[in-house]
1. Give the ranking of PHE149, PHE128 by solvent-accessible surface, highest area first, calculated with a 1.4 Å probe.
2. With the contact rule set at Cα under 8 Å and sequence spacing of 6 or more, what percent relative contact order holds for the stretch 1-104?
3. If you take every residue apart from SER73 with its C-beta less than 12 Å away from the C-beta of SER73, what net charge results, scoring Lys and Arg +1 and Asp and Glu -1?
4. Under a plain spin-label model, where a point goes 7 Å from the Cα along Cα-to-Cβ, how far apart in nm are ALA20 and SER119?
5. First measure r as the distance between the Cβ atoms of LEU136 and ALA54, then evaluate 1/(1 + (r/R0)^6) with R0 = 25 Å and state the FRET efficiency to the nearest 0.05.
6. How long are the three semi-axes of the equivalent ellipsoid of the stretch 1-150, in whole Å, if each is the root of 5 times an eigenvalue of the C-alpha gyration tensor, listed from largest down?
7. Sorting CYS8, CYS87 by accessible area (1.4 Å probe), largest first, what list results?
8. Give the accessible area for THR57 in Å² (nearest 10); use a 1.4 Å probe, count only protein heavy atoms, and leave out ligands, DNA and RNA.
Amino acid sequence: ICGSMASCLKMPYHIAITAAGHYRETRLGALGEVTLNLLISLILVRPLGLIGVAAGTLAAMLFRLFYSVWYLSGAILGRPITKFLKCILPNLVLAAVFLMGHSTIGTMEAANIGVLLLSAIKVSLSVFPSFIALNLLLQPRLFRNLIKFSK
């Protein structure tokens with residue numbers, strides 16, 4: 001789950017960098033991601049197995065996310081990286097709280113695709129309002145702009 005979340009978080013930054021024609025300038029970040037992934041995965045695969053490989057991949061994705069944010073903030077957008085951190089950190093903390101809460105409840109098993117779909121809807125309906133409330137409190141201007149845009 002965390003790997004997918006990190007991948008989704010970094011995607012808009014990669015797209016913005018590519019759209020600005022700066023992909024070549026961020027090769028160092030790509031090299032760092034690959035190197036971190038290999039090193040951490042090789043170190044952790046023996047004691048942790050596939051979980052160690054997943055941890056290496058997650059660490060590398062997070063490195064690339066923050067590298068991309070740093071590059072985009074400075075070289076393209078010209079805005080402080082603290083704007084990103086103020087937005088993302090509270091959401092990551094809330095996601096971690098939900099993930100920890102889910103792991104203490106136990107695993108969800110689905111006998112078929114319909115049960116899986118209903119479980120996903122239940123989880124979404126219980127989690128989504130919390131994220132909306134958090135972001136409404138922290139970024140009210142963003143919501144006002146979204147409402148204006150939707151009109």
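The values are calculated or read from the model by the stated rules, or taken from the named source; none is laboratory data. This is a predicted model, so every value here is computed, not measured. We place every Cβ from the backbone using ideal geometry, glycine too, and count neighbours over all the protein chains shown. Just the protein is used for accessible areas: all its heavy atoms, side chains included, with ligands, DNA and RNA removed. Shrake-Rupley method; radii C 1.70, N 1.55, O 1.52, S 1.80 Å.
1. Largest accessible area first, the residues go PHE149, PHE128.
2. About 29 percent, as a whole number.
3. Overall, the nearby charge balance is +2.
4. Distance between label points: 4.2 nm.
5. 0.15
6. So the equivalent ellipsoid measures 28, 26, 13 Å along its semi-axes.
7. Reading off the accessible areas and sorting them downward yields CYS8, CYS87.
8. About 50 Å², ignoring ligands and nucleic acids.
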